[in-house]
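The values are calculated or read from the model by the stated rules, or taken from the named source; none is laboratory data. Keep in mind that what you see is a predicted model, and the values were worked out from it rather than measured. Counting neighbours? That spans all protein chains shown, and the Cβs are built from the backbone with ideal geometry, glycine included.
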Amino acid sequence: MTPDHCAGLLQKADPDRFASVMAAQPGDRAKLATLYAANLEIAQAALSSKEPLVSEMRLQWWADQIDRMQRSQIPDKHPVALPLANSWGADVAPLADLIEARRRDALREPFETEAEVLAHIDGCTGTLMRMAAAACGLFDRDELLRDQSRGAGLAAWLSAYPRLRSLNLGVFGDRSDLLKGLAGQGIAALDAAKAAEDVPRRAAPALFAGAGARSKLNAAKAGEAAEVSRFSRNLAYLRLAVLGHWRG
């Protein structure tokens, strides 16, 4: 029950964020590893059962743990919750916003408008990136974090759309115009974030949009599926680690 255990979970299930942890300064890694592992556990809890009530109960367990942590109480014995509490303490409080956003996943409710999708992305990827940025010493950059997290979140959401649709978590009616419009918004968001100045190198791992984020968005805008090759993925991880390249 250590940050290293959390990093191991990411290596298998979320290689983009594992790369972020490994590229971070040593003093920032524990917070990033435990935060990203908690995100993984919460996302899995939301989709853990076809019965919404069961998934809701598992999400509520996490909500209760976060509530205890922010009141400086020890959480239940759990391989991710305990190192999360040790690394973050009461500063973990914003993670409650991510749990609330994930409740929609538990209910298996499709989206009807672009605004609903964007609110979900902001609640999930936005919350996570804001916390990661704080862990890496980046504060008071609301526009940058909004744009980068929205671009990264939309890239991940659109690339996973076939699976999400099978879970009844896509767009009502599978409207291609809406999906292409979201892809366009994601590209515009990455462009806006790319123009940001005076971003410290230390914050690069927290801002990393994920390997092939822009390619995924371009493909979605064209109504196609994007395949990110292993070479391209590893190159993105290398550029992040060596050059601090986070821009999508």
Subset tally (residues that are surrounded by fewer than 19 Cβ atoms within 10 Å (Cβ to Cβ), part of a helix (DSSP H, G or I) and touching a strand residue (DSSP E or B) at 6+ places or on another chain (Cβ under 7 Å)) for region 108-123: 0
Would region 47-61 turn up any residue that is within 16 Å of the chain's Cα centre (by Cα) and of a type outside the set (Phe, Trp, Tyr)? yes
Please work out if residue 89 is assigned to a helix (DSSP H, G or I) and either in contact (Cβ under 8 Å) with a residue 24 or more places away in the chain or on the phi < 0 side of the Ramachandran plot (or both). no
Taking the options 140, 147, name whichever one is within 18 Å of residue 217 (Cβ to Cβ) and in the same structural domain as residue 187 (by TED's automatic domain parsing). 147
Against the condition farther than 22 Å from residue 50 by Cβ, touching a helix residue (DSSP H, G or I) at 6+ places or on another chain (Cβ under 6 Å), of a type in the set (D, E, K, R) and crowded, with 19+ Cβ neighbours inside 10 Å, how does residue 105 come out, does it pass? no
